[in-house]
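Q: Take a look at the following structure, please.
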Amino acid sequence: MNTPRIAIVGGGPAGLMCARILQGHGLEPVVYDADAAVDSRDPGGTLDLHADAGQIALEDAGLMDAFGALARIEGQAKSRRDQHGTVLAEFIPAEGDVAAPEIDRGQLRTMLYGHLRPGTVRWGHKLRHTIPLGGGSHRLEFANGVGADVDLLIGADGAWSRVRPLLTDATPQYLGVCFLDARFDDVDVRHPEVAAIVGDGHMFSADGDGRAVIVQRNSNGVVRGYVAFRAPLDWDVAAGVDLTDRDAVRAYLLREFSGWSALMRPLITDIDSDYIPRSFWALPAPLTWNHVPGVTLIGDAAHLMAPFGGHGTNLALLDGTELAHAIYKENSLEDAIARYETAMFARSGELAVSSNTALARFFATTDTPHLPPDHAQEHRDYEARAAEYRRRQALDDLRNDA
Ligand SMILES: Cc1cc2nc3c(=O)[nH]c(=O)nc-3n(C[C@H](O)[C@H](O)[C@H](O)COP(=O)(O)OP(=O)(O)OC[C@H]3O[C@@H](n4cnc5c(N)ncnc54)[C@H](O)[C@@H]3O)c2cc1C
């Protein structure tokens, strides 16, 4: 095929990874992102990159060493407590276990961006309109007045994708859980009680009545704390709580979490940041659409799901990689989109359903203690699926060469 004009809208993990692999194949995509710069907003907390998804993408992109320099292997540790602070389960990764190391989201984004050719990403470009021009081409119009005509439009623009309506009417639905994101700085010195509870990795706790606290160690002595509870979307309006008033939110949470022990309460109250609301939304799952020439979606734009299972970024990276390989290998853009979408639909539908179910269970009212999955087995499964993925990929390459 002639060199196609490729636009990737969205410079998150999906879009940046797709651009990196395309460049490795000698193509020149342009990435447009609404953000003013790679680090212009708080990127959120830590992510685990699984051997059978995120790490496959990093390997294909030649970025495993760059990832290894930032990854926290000890961050794979996990514990589960109840609202009294009683430890219900603990997982410490075995020596040599690298099935799902952690990396700060901001570090991952900066690392991916830093491995693109200069000028690939156009910051400050918020997509406003897309106009089909026929034959699979689209005109993009950005809020800053810039326009571009492209042969392939890749929507990597996350939960509230502006590209998605070209393919489906599906929109994210609120999952009924409010999630307040907060930060503890210099935790080992300033918050030793929090450091002791979070350990090297993550601590999940739930009270069996729709309330939870999750704390996760990030790099540089930072712990991100998430206080979550079942609530309607406008709970703050109904409760008269100003979300920008830290004391008011704290007072509300102390009432809401009154059954939680003194040991656990500092996780809710002693934060160094504001409480940032990040409500949970998900697209209907499994989601598919009929093929539309010249346009497709990767990452959250295609399959926004509850973050229970840690699949979102992993799938975003793998989607970007597989679509880029397909564009290089197939004879036409349409064949590439069809090949990518067939594999992506099958993979993401199943994981979206299981992630959304896991969230519903975690926040359900129940007398049974919330026990975690068997993480050691989960890690063995990641490794086994990674080996199977590589075996299938090698067979596929042999078939293509024949
Ligand atoms: C609280 C929370 C915890 C999570 N924890 C995990 C976890 O542990 N592990 C995991 O794998 N996943 C986790 N996720 C999910 C993960 O964050 C997402 O799945 C991942 O970021 C998806 O990447 P993406 O590139 O598809 O989209 P995004 O990261 O959302 O990137 C989209 C990009 O598009 C840009 N954009 C949006 N609209 C426009 C527009 N109109 N024009 C131009 N640019 C636009 C945005 O600026 C952004 O840079 C979590 C999510 C949440 C909310």
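The values are calculated or read from the model by the stated rules, or taken from the named source; none is laboratory data. On a predicted model such as this, the values are computed, not experimentally measured, just so you know. Note that each Cβ is placed from the backbone with ideal geometry, even for glycine, and that neighbours are counted across all protein chains shown.
Q: Please tell me if Arg72 is under 25 Å from the mean Cα position of the chain (by Cα) and either modelled with pLDDT of 95 or more or among the acidic types (Asp, Glu) (or both). Step through it out loud before you land on a result.
A: Working: under 25 Å from the mean Cα position of the chain (by Cα): yes; either modelled with pLDDT of 95 or more or among the acidic types (Asp, Glu) (or both): yes.
For Arg72, the condition - under 25 Å from the mean Cα position of the chain (by Cα) and either modelled with pLDDT of 95 or more or among the acidic types (Asp, Glu) (or both) - is met.
Q: When only residues in segment 82-116 that are of a type in the set (S, T, N, Q) and in a loop (DSSP other than H, G, I, E, B) count, which is nearest to the ligand (Cβ to nearest atom)?
A: The initial filter retains those residues of segment 82-116 that are of a type in the set (S, T, N, Q), namely 83, 86, 107, 110.
Now drop any that are not in a loop (DSSP other than H, G, I, E, B), which leaves 83, 86.
Values: Gln83: 21, Thr86: 25 Å.
In this case the residue turns out to be Gln83.
Q: Please name all residue pairs, on different chains or six or more residues apart, with Cβ atoms under 8 Å, provided the first residue is in segment 40-57 and is free of Cβ contacts under 8 Å to residues at least 24 places away in the same chain and the second residue is within 8 Å of the ligand (Cβ to nearest atom).
A: Arg41/Asp35
Q: May I pose another question? Any idea which residue in segment 164-182 is surrounded by the fewest Cβ atoms within 10 Å (Cβ to Cβ), counting only those that are within 15 Å of Thr288 (Cα to Cα) and among the β-branched types (Val, Ile, Thr)? Walk me through it before giving the result.
A: Narrowing segment 164-182 to residues within 15 Å of Thr288 (Cα to Cα): 164-172.
If we keep only those that are among the β-branched types (Val, Ile, Thr) too, we end up with 168, 171.
Values: Thr168: 17, Thr171: 14.
Filtering first and then ranking leaves Thr171.
Q: Of the numbered conditions (1) modelled with pLDDT of 95 or more; (2) closer than 25 Å to Leu108 by Cβ, Ser279 fails exactly one; give the number of that condition.
A: Here Ser279 clears every test but (1).
Okay, residues lined up against (1) of a type outside the set (Gly, Ala, Ser); (2) modelled with pLDDT of 95 or more; (3) part of a strand (DSSP E or B):
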position: Ala159; (1), (2), (3): no, yes, no
position: Thr168; (1), (2), (3): yes, yes, no
position: Thr171; (1), (2), (3): yes, yes, no
position: Leu180; (1), (2), (3): yes, yes, yes
position: Ala196; (1), (2), (3): no, yes, no
position: Ser205; (1), (2), (3): no, yes, yes
position: Ile214; (1), (2), (3): yes, yes, yes
position: Gly221; (1), (2), (3): no, yes, no
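Q: Does Gly119 satisfy being more than 10 Å from the ligand (Cβ to nearest atom), touching a residue at least 40 places away in the same chain (Cβ under 8 Å) and more than 30 Å from Leu88 (Cα to Cα)?
A: Values: more than 10 Å from the ligand (Cβ to nearest atom): yes; touching a residue at least 40 places away in the same chain (Cβ under 8 Å): no; more than 30 Å from Leu88 (Cα to Cα): yes.
No.
Q: May I ask you to list the residues in segment 69-81 that are closer than 27 Å to His115 by Cα and either in a loop (DSSP other than H, G, I, E, B) or free of Cβ contacts under 8 Å to residues at least 12 places away in the same chain (or both)?
A: Within segment 69-81, the first condition is being closer than 27 Å to His115 by Cα, and the residues that meet it are 69-76.
Matches in segment 69-81: Ala69, Ala71, Ile73.
Q: Of the numbered conditions (1) under 25 Å from Ile276 (Cβ atoms); (2) in a helix (DSSP H, G or I), Ala66 fails exactly one; give the number of that condition.
A: (1)
Q: Continuing with this model, one more query. Looking only at helices (runs of 4 or more DSSP H) that fall completely inside segment 239-333, which ones have 1 or more residues that are more than 30 Å from Gly135 (Cα to Cα) and of a type outside the set (A, V, I, L, M)?
A: Values: elements: 246-256, 266-269, 300-303, 312-329.
Here the list reads 246-256, 266-269, 312-329.
Q: For segment 200-220, what are the residues that are in contact with a His (Cβ under 6 Å, 6 or more places away or on another chain) and more than 14 Å from Met264 (Cα to Cα)? Spell out how you get there, then give the answer.
A: Keep residues of segment 200-220 that are in contact with a His (Cβ under 6 Å, 6 or more places away or on another chain), which gives 206, 216.
Gln216, the sole residue that qualifies.
Q: Assuming Ala301 fulfils every condition listed in (1) within 11 Å of the ligand (Cβ to nearest atom); (2) farther than 30 Å from Pro373 by Cβ apart from one, which condition is it?
A: (2)
Q: Also: Only one of these conditions is not met by Ala36: (1) out of contact with any Gly (no Cβ under 6 Å at 6 or more places or on another chain); (2) in a loop (DSSP other than H, G, I, E, B). Which number is it?
A: (1)
Q: Determine if segment 190-206 includes at least one residue that is surrounded by 14 or more Cβ atoms within 10 Å (Cβ to Cβ) and either assigned by TED's automatic domain parsing to the domain that holds Thr368 or within 28 Å of Trp123 (Cβ to Cβ) (or both).
A: Looking through segment 190-206, none of the residues is surrounded by 14 or more Cβ atoms within 10 Å (Cβ to Cβ) and either assigned by TED's automatic domain parsing to the domain that holds Thr368 or within 28 Å of Trp123 (Cβ to Cβ) (or both).
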